[in-house]
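Participant: Right, I'll just put the structure down here and ask away after.
The values are calculated or read from the model by the stated rules, or taken from the named source; none is laboratory data. Everything numeric here is computed off the predicted structure, so don't read it as measured data. Methodologically, a virtual Cβ is constructed for each residue, glycine included, from the backbone with ideal geometry; neighbour enumeration extends over all protein chains shown.
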Amino acid sequence: MTSEAAKQTGQLVDQIFILKRTLGQFARLIEISLQLNSMLDPDELLQFIIESGTEILECEAVSVLLFDEGEKRLRFAASTDLNPDELAEIPVPIDNSVAGMIFTTNRPELINDAFSDPRIYKQVGETSSLPTRNLIGVPMNIGERTIGVIEGINKKSGGFTKEELDLLTVIGSQAAVAINNANLLSSLKRAYNELTEVDKIKSDFIAIASHELRTPLNIILGYSEFLKEDAKGELSSHAERVLTAAQHMRTLIEDMTNMNLLEMGNTEIKTSKVTLQEVVHEAVKEVQTIADTKGVHLTRDYRKDPLEVQIDRDMIKRVCLNVLNNAIRFSPKDTTVKLSVKTEQKFAQISVVDQGIGIPVDELEKIFEEFYQVEDHRTRRFGGMGLGLAIARAITHLHGGRIWAESGGAGKGSTFHILLPLAATKENAK
Ligand code: ADP
């Protein structure tokens, strides 16, 4: 072989070697990208970035510096083999450091003679006892926004290359997106935990407040009842008004307590086999005075034979009370509220039909959400806390049933249906 041919063969071998190395780096880059996209913990992610960075660049240390919006400077988020607490204390000025320059110009940088380059920010080297011989750094971009810089220092042999700068640029943008996602997720988790904490405080407050309110309220209820019975004339009607107001307050307190229990998932349902018509009728008796006072006529149409259901009696009575109270509250004087109980396949169906203000069709589902009321001005006109139907729905679902509303729209009256599974009896099987 001539010396020229030997030289060419040597060059070819070198090229093949470089090509193989580049291919290996690309394969590793793909692995890193895939892993970056799947990591959600910010600390683990930063650790992975610096470890895979040092490996792929074959250098002594890699650092991730993130821009601190508040202090308008870069700060070390992670760095190889260095104490994160110490590094966090080192301010990296935007104006007087290579990282700052990469950040502001948004351009990668490669410095292979760091000792003589005045731009190298010396304080890091002094703190970390790792003097910088050479340096490679790229901006971390998400779209138009630069969130920080990744730097590698001290190539183990020789200097950093242009190809490595390209590799680090790809890692930089992938890492930026991954860090951003992980940070978003962890702030979401933090916000969720804070909300859960606040929610617990709210629930505890409601539980304590309603418990404390109940004792004086029972005294008011008891004495106004006596007064109503014993007093004569005007005094008796005053006592009746106090009694009605106190009963209303009791419903509000019960609603708050019930919603709290249902929300916390603490609700135990104590079921027994009962005749549904009896429970419905108890609720009717309780609202009769309110209906009479308002001039709303209550009519009943119960299926004759008793419908046996396996239910928590008090809870289902609460559902009937909430729906009936609403029907009366949202109906004008001299209208009728029709109540019926019948069967619908394997279910018992309670229906309450009123001729009141009606419900806009697109709100028929929303009214079952907590604190939802159709219109603000109605809140002032009709009172209520927007809890009655949310409680009714939660209780009905706990019983394996369903509740829904129908209406032709505003001014066209409303109908509420409640379905409850029939208990397995010979009667119900008919
Ligand atoms: P509230 O106690 O505030 O009425 P509910 O959960 O019982 O809360 O009801 C939520 C909202 O649904 C009411 O504020 C009202 O806007 C609407 N609504 C419920 N029942 C009726 C009805 N029979 N007729 C018209 N609107 C109703």
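Participant: Do you know which residues across the range 225-241 are farther than 16 Å from Glu286 by Cβ and surrounded by 17 or more Cβ atoms within 10 Å (Cβ to Cβ)?
Facilitator: Within the range 225-241, Ala239 is the sole residue that qualifies.
Participant: Using the structure shown, decide if Ala405 is at pLDDT 95 or above, near the ligand (Cβ under 8 Å from one of its atoms), within 30 Å of Lys273 (Cβ to Cβ) and of a type in the set (A, V, I, L, M).
Facilitator: It is true that Ala405 is at pLDDT 95 or above, near the ligand (Cβ under 8 Å from one of its atoms), within 30 Å of Lys273 (Cβ to Cβ) and of a type in the set (A, V, I, L, M).
Participant: Considering only the range 333-378, how many residues are within 12 Å of the ligand (Cβ to nearest atom), of a type outside the set (D, E, K, R) and touching a helix residue (DSSP H, G or I) at 6+ places or on another chain (Cβ under 9 Å)?
Facilitator: 12
Participant: Test of understanding: among Val337, Val361, Val319, Val352, which residue is closer than 30 Å to Ala207 by Cα and not polar (S, T, N, Q)?
Facilitator: Testing whether each residue is closer than 30 Å to Ala207 by Cα and not polar (S, T, N, Q) leaves just Val319.
Participant: Related question: Could you check the range 262-315 and list, in sequence order, the residues that are farther than 26 Å from Asp354 by Cα, at pLDDT 90 or above and surrounded by fewer than 15 Cβ atoms within 10 Å (Cβ to Cβ)?
Facilitator: Answer for the range 262-315, where residues must be farther than 26 Å from Asp354 by Cα, at pLDDT 90 or above and surrounded by fewer than 15 Cβ atoms within 10 Å (Cβ to Cβ): Ser272, Lys273.
Participant: Pairs please, first residue from the range 34-60 and over 17 Å from Asn134 (Cβ atoms) and in contact (Cβ under 8 Å) with a residue 60 or more places away in the chain, second anywhere and β-branched (Val, Ile, Thr) and surrounded by fewer than 20 Cβ atoms within 10 Å (Cβ to Cβ), Cβ atoms under 7 Å, 6+ apart in sequence or on different chains.
Facilitator: Pairs that qualify, where the first residue is over 17 Å from Asn134 (Cβ atoms) and in contact (Cβ under 8 Å) with a residue 60 or more places away in the chain and the partner is β-branched (Val, Ile, Thr) and surrounded by fewer than 20 Cβ atoms within 10 Å (Cβ to Cβ): there are none.
Participant: Starting from residues that are within 45 Å of the chain's Cα centre (by Cα) and of a type in the set (Phe, Trp, Tyr), keep the ones in the range 1-56 and report whichever is farthest from Asn181 (Cα to Cα).
Facilitator: Of everything passing the filter in the range 1-56, Phe26 is farthest from Asn181 (Cα to Cα).
Participant: Within the range 79-109, count every residue that is out of contact with any Gly (no Cβ under 8 Å at 6 or more places or on another chain) and modelled with pLDDT of 90 or more.
Facilitator: 6
Participant: Let me ask something additional. Checking Glu86 against (1) of a type in the set (Asp, Glu); (2) under 25 Å from Asp166 (Cα atoms); (3) over 33 Å from the mean Cα position of the chain (by Cα): exactly one of these is not met. Which one?
Facilitator: Condition (2) is where Glu86 drops out.
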